[in-house]
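Undergrad: One structure, pasted below without further comment.
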Protein chains: 2
Amino acid sequence: MKPSIPKGTRDFTPSEVYLRDFVKEKIKSNFELFGFEPIETPSFEKLEVIAGKYGDDGDQLIFKILSNGEKLSKADLDSFNDQNYSKFANSISEKALRYDLTVPFSRYVVQHQNELTFPFKRYQVQTVWRADRPQYGRFQEFLQCDADIIGSNSIWQEIELCLLYDKIIKDLGLKGVTLRINNRKILYGFTKLLGFENRFNDFTIILDKLDKIKIEGVTKELIKQNFSKDKIEIIKEFMLMKGTNKFKLKKIRKIFNDYKISLEGLNEQDFIIDNIDNSGGLESVDLKFDLSLARGLSYYTGTIFELTLPRIPDLGSIGGGGRYDNLTANFGKKSLSGVGISFGFERILMVLQKFKLFPKDINNHVHVLIANFGSNTTLICNSILKKLRDKGVKSEFYPDDSKLRKQLSYANSKKIEYVVLLGEEEFENGEFVLKDMSKGTQDNYKISELESVILSKFKKIN
Amino acid sequence: MKPSIPKGTRDFTPSEVYLRDFVKEKIKSNFELFGFEPIETPSFEKLEVIAGKYGDDGDQLIFKILSNGEKLSKADLDSFNDQNYSKFANSISEKALRYDLTVPFSRYVVQHQNELTFPFKRYQVQTVWRADRPQYGRFQEFLQCDADIIGSNSIWQEIELCLLYDKIIKDLGLKGVTLRINNRKILYGFTKLLGFENRFNDFTIILDKLDKIKIEGVTKELIKQNFSKDKIEIIKEFMLMKGTNKFKLKKIRKIFNDYKISLEGLNEQDFIIDNIDNSGGLESVDLKFDLSLARGLSYYTGTIFELTLPRIPDLGSIGGGGRYDNLTANFGKKSLSGVGISFGFERILMVLQKFKLFPKDINNHVHVLIANFGSNTTLICNSILKKLRDKGVKSEFYPDDSKLRKQLSYANSKKIEYVVLLGEEEFENGEFVLKDMSKGTQDNYKISELESVILSKFKKIN
């Protein structure tokens, strides 16, 4: 029987690694261009750090690590017999795999607060694990890419994050991306206006489903949860409001102006949109103020972002984020405001593949194969190999003097660009043959010219 | 109480990530220069893939992942009551974290054999996890860097791997590194000569401890395990043999010549050493044939390597590898010969830090901070910011108009190289001040020159 890997995990072949690294590199280099610095946290945290941070549903999806050896003797059999498997699991596990990057980051900030300079701008590109039911586009192990600034209330940070989204999407060559933006304070003012601010969280959780279940679905859910019909009509009107960002903001301001909190949110929203407009706007991303954007996570307290690709409605968001004021409170450090964004790496990768947006030569990772014609020419071949490598030309020597057909087929399947043929006959004439694998052509050159001929093919190197 | 991380794991600050990425990049880029291509395997494998592959001691160190929810109802309580915790653990776990990269690689090759072109040259730079007792320089989560060629018997591969070790050590600037090389076939011939070839594995496991327990320790162990005293004397003589590689190989050849297997090993060893010598030798690494090199792992069948830094004897090896003929047999695919090497990433990192071998500017990752002097100049500052970033200058805008001292102190602690000061007064004069943070000097320039002045400081960019 063939060996296999757990459901929901993936092996990545060289071609897949090249694609992933390409996207990773675009994201990381732009994070750094904007002044973010990388940190890394362990793959597993103490269970107490992770458990209880993601709601009951999230808790079910945490991968716990079994304690080793004698520690298993502490298994809580009473809980087992009561079929309380969660408590049973906690008695034989002290660690859990990272579920996201946000909670480990909050833990990091509090643990290292005395070593950090605030505002602390960090990025983190690491794997996370979730025991989710595997399905198309959803994995148990996947990459997250987060950038956050913590310890600054300045709304310039929100602007920076909009510019950062824009720059990365531009560099990836992705067209038709929308950056939806809203502010939870405005939403809160809205619920206050309608007199159900005590149900703010219920409301945002329902509203967050708008993309999936449409306005009809949201209406049904609101009715089911006893929101009154006249209020639902007003909700619908505001959520479906059309027009420019400025138009919508003005209209809302007229109505919500009485509430200090929504006024704050409106001012922040205006500040972001005005400053971006005055600097010439975004280049690749359509910035859209959208009162119906809610974001399900309850820890957001100000601006919220969501990056989408409207022409593929089923895709879901390809990024999201927002401002949070109390994330580090979980670990005993209060009133550190932060704001951050995340990239939906796996989905972005799927989209880039779908629209063939990767550079053509992304797989041509070995430049030159030197064919093997047996012991009489191996030494000269190996001295050439060394020279090419010293110049940065990715190259290899075929390890056996197999039939040329086999060697060329190897070069082909590895998408090697050029093959150097230097047999005894060529050697005696002081020549070599250079075969261009993509064109199928070949030319003779003097051995003394070999380095310069090959380097001229790879001008970009060094 | 401050939050913390599990023992044996580490948080990496930005400076630490820069150092790690520097070494990772040197290793990866040279792997690719030599024609190796990257693959990645999942962080966890099915338990059956990993269990039983590392001996009883290794098995104890595997991190198992607890099954979720209802699956826990299958817990084998009989084993628990018998205090057979290992069997108990296996009843509630189906997955385990990667313990090394070799076993997942073998699984990968067998699973994907029909998609691969052989010889398959892959590299893999990924984290592995071991439930080892944490101690100085030993972690529960650490990075491994492996390069292997599978599906080729050619001894040119061994030569390539010697050259690869040499190139990476050279690029890292590490001096005084020795590459010990031996061949398990020669060792086997040696045991045959002395008539204890049936105890080959016992012998190599004891011999492998030579560095740690010295020849006296090895002698004691051999006596304890009933090797005869006259044989131990011969063992000592050979193991302590001094002289050049050629001298030692010749001497051994005279004695072992009768055994086909040791003859094969000697021919391979000669082939490697002759070809490397004839190509001008290694540049940074001292290649040393050493009959006392054994390598503990039983799967090696031919050439074996070990990379050491003799001037730090306590360090242990900083790399190792060898040829194996049956690694994929575990997964049902026979007679695929492979050869590979591994880098001791964490130890190499420690050594580079100890000898301060990192480039000086490795921490200067943000180039420019634009100071914030309030709303009248923010727009011009932001348009400058955009221009700099478009040219690849890593830069940021301070988010608040705090006191200049605070802004400069932020730049200092982040090791930002230059600060642009553009307040209202400067703006009216059409000027800006550029402060060089390392020299402490500052100069006035025209705003129109800003881009070119800053770009001239960062000639290397683009």
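The values are calculated or read from the model by the stated rules, or taken from the named source; none is laboratory data. Quantities reported herein were computed from a predicted structural model and do not represent experimental measurements. With ideal geometry, Cβ positions are generated from the backbone for all residues, glycine too; neighbour counts draw on all protein chains shown. When the accessible area is computed, the model is the full protein with side chains, heavy atoms only, and any ligands, DNA or RNA have been set aside. Shrake-Rupley method; radii C 1.70, N 1.55, O 1.52, S 1.80 Å.
Undergrad: If you go through region A:337-350 one residue at a time, do you hit one that is free of Cβ contacts under 8 Å to residues at least 24 places away in the same chain and over 20 Å from the mean Cα position of the chain (by Cα)?
TA: We begin by selecting, within region A:337-350, every residue free of Cβ contacts under 8 Å to residues at least 24 places away in the same chain; these are none.
No, region A:337-350 contains no residue that is free of Cβ contacts under 8 Å to residues at least 24 places away in the same chain and over 20 Å from the mean Cα position of the chain (by Cα).
Undergrad: Name, by its number, the condition in (1) touching a strand residue (DSSP E or B) at 6+ places or on another chain (Cβ under 9 Å); (2) open to solvent by less than 30 Å² (accessible area, probe 1.4 Å) that does not hold for A:D132.
TA: Tallying (1) touching a strand residue (DSSP E or B) at 6+ places or on another chain (Cβ under 9 Å); (2) open to solvent by less than 30 Å² (accessible area, probe 1.4 Å), A:D132 fails exactly one: (2).
Undergrad: I need the full set of residues from region A:279-299 which are more than 17 Å from A:L174 (Cα to Cα), open to solvent by less than 20 Å² (accessible area, probe 1.4 Å) and either within 20 Å of the chain's Cα centre (by Cα) or not assigned by TED's automatic domain parsing to the domain that holds A:E268 (or both), in order please.
TA: none
Undergrad: Give the residue that is nearest to A:P3 (Cα to Cα), with candidates limited to residues of region B:49-58 that are more than 9 Å from every other protein chain (Cβ to nearest Cβ) and buried (at least 17 other Cβ atoms within 10 Å of the Cβ).
TA: B:I50
Undergrad: Now for a separate question. Output yes when any residue across region B:178-190 is over 23 Å from B:D290 (Cβ atoms) and out of contact with any Gly (no Cβ under 6 Å at 6 or more places or on another chain), and no when none is.
TA: There is no residue in region B:178-190 that is over 23 Å from B:D290 (Cβ atoms) and out of contact with any Gly (no Cβ under 6 Å at 6 or more places or on another chain).
Undergrad: Name every residue in region B:134-143 that is touching a helix residue (DSSP H, G or I) at 6+ places or on another chain (Cβ under 7 Å) and not in a loop (DSSP other than H, G, I, E, B), in order of residue number.
TA: Listed by number, the residues that qualify are B:F142, B:L143.
Undergrad: Can you tell me which residue in region B:82-103 is most open to solvent (accessible area, probe 1.4 Å), limited to those that are outside any loop (DSSP other than H, G, I, E, B) and more than 21 Å from A:A131 (Cα to Cα)?
TA: B:K87
Undergrad: Which condition breaks for B:I276 when tested against (1) open to solvent by less than 20 Å² (accessible area, probe 1.4 Å); (2) in contact with a Gly (Cβ under 9 Å, 6 or more places away or on another chain); (3) within 14 Å of chain A (Cβ to nearest Cβ)?
TA: In the conditions (1) open to solvent by less than 20 Å² (accessible area, probe 1.4 Å); (2) in contact with a Gly (Cβ under 9 Å, 6 or more places away or on another chain); (3) within 14 Å of chain A (Cβ to nearest Cβ), B:I276 misses (2) alone.
Undergrad: Still on this structure: Test each condition in (1) under 17 Å from B:W156 (Cβ atoms); (2) modelled with pLDDT of 90 or more for A:S375 and report the one that comes out false.
TA: Checking A:S375 against (1) under 17 Å from B:W156 (Cβ atoms); (2) modelled with pLDDT of 90 or more, the one that fails is (2).
Residue-by-condition table, conditions (1) open to solvent by less than 10 Å² (accessible area, probe 1.4 Å); (2) more than 7 Å from chain B (Cβ to nearest Cβ):
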{"residue": "A:E32", "(1), (2)": "no, no"}
{"residue": "A:F36", "(1), (2)": "yes, yes"}
{"residue": "A:I39", "(1), (2)": "yes, no"}
{"residue": "A:Q60", "(1), (2)": "no, no"}
{"residue": "A:N68", "(1), (2)": "no, no"}
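Undergrad: Something else: Could you give me the residue pairs with C-beta distances under 6 Å whose first residue belongs to region A:410-433 and is more than 14 Å from chain B (Cβ to nearest Cβ), whose second residue is small (G, A, S) and in a loop (DSSP other than H, G, I, E, B) wherever it lies, and which are 6+ apart or on separate chains?
TA: If the second residue must be small (G, A, S) and in a loop (DSSP other than H, G, I, E, B), the pairs left are A:L421/A:A371.
Every residue, every condition in (1) within 27 Å of B:K334 (Cβ to Cβ); (2) of a type in the set (A, V, I, L, M), yes or no:
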| position | (1), (2) |
| --- | --- |
| B:A147 | yes, yes |
| B:G151 | yes, no |
| B:L163 | no, yes |
| B:G176 | no, no |
| B:N182 | yes, no |
| B:G195 | no, no |
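Undergrad: Restricting to region A:40-75, give me the number of residues that are outside any strand (DSSP E or B), in contact with an Asp or Glu (Cβ under 7 Å, 6 or more places away or on another chain) and not small (G, A, S).
TA: Total meeting the criteria: 4.
Undergrad: Still on this model: Of everything in region A:31-51, what is in contact (Cβ under 8 Å) with a residue 12 or more places away in the chain and of a type in the set (D, E)? Give them in sequence order.
TA: A:E32, A:E37, A:E40, A:E45
Undergrad: In region A:15-39, how many residues are touching a Lys or Arg at 6+ places or on another chain (Cβ under 7 Å) and assigned to a helix (DSSP H, G or I)?
TA: Looking only at that region, the number is 3.
Undergrad: Determine if region B:145-165 includes at least one residue that is among the β-branched types (V, I, T), more than 10 Å from chain A (Cβ to nearest Cβ) and under 30 Å from A:N412 (Cα atoms).
TA: Checked region B:145-165: at least one residue is among the β-branched types (V, I, T), more than 10 Å from chain A (Cβ to nearest Cβ) and under 30 Å from A:N412 (Cα atoms).
The rows are residues; the columns are (1) buried (at least 18 other Cβ atoms within 10 Å of the Cβ); (2) without any contact (Cβ under 8 Å) to a residue 24 or more places away in the chain; (3) under 17 Å from the mean Cα position of the chain (by Cα).
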position	(1), (2), (3)
B:K2	no, yes, no
B:I5	yes, yes, no
B:D11	no, yes, no
B:S15	no, no, no
B:R20	no, no, yes
B:S29	no, yes, yes
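Undergrad: So for region A:149-159 (the condition being open to solvent by less than 10 Å² (accessible area, probe 1.4 Å), touching an Asp or Glu at 6+ places or on another chain (Cβ under 8 Å), within 29 Å of B:L369 (Cα to Cα) and part of a helix (DSSP H, G or I)), does at least one residue qualify?
TA: Checking region A:149-159: at least one residue is open to solvent by less than 10 Å² (accessible area, probe 1.4 Å), touching an Asp or Glu at 6+ places or on another chain (Cβ under 8 Å), within 29 Å of B:L369 (Cα to Cα) and part of a helix (DSSP H, G or I).
Undergrad: Of everything in region A:321-340, what is surrounded by fewer than 21 Cβ atoms within 10 Å (Cβ to Cβ) and either at pLDDT below 90 or among the charged types (D, E, K, R) (or both)? Give them in sequence order.
TA: A:D325, A:N326, A:A329, A:N330, A:G332, A:K333, A:K334, A:S335
Undergrad: Among the residues of region B:87-123, which ones are within 26 Å of A:E396 (Cβ to Cβ) and basic (K, R)?
TA: If the condition is that a residue be within 26 Å of A:E396 (Cβ to Cβ) and basic (K, R), then B:R107, B:K121, B:R122 are the ones that fit.
Undergrad: Looking only at region A:96-113, decide whether some residue is out of contact with any Lys or Arg (no Cβ under 7 Å at 6 or more places or on another chain), of a type in the set (D, E, K, R) and over 27 Å from A:I168 (Cβ atoms).
TA: Taking every residue of region A:96-113 in turn, none turns out to be out of contact with any Lys or Arg (no Cβ under 7 Å at 6 or more places or on another chain), of a type in the set (D, E, K, R) and over 27 Å from A:I168 (Cβ atoms).
Undergrad: Could you count how many residues in region B:404-462 are over 17 Å from B:L379 (Cα atoms) and of a type in the set (F, W, Y)?
TA: 4
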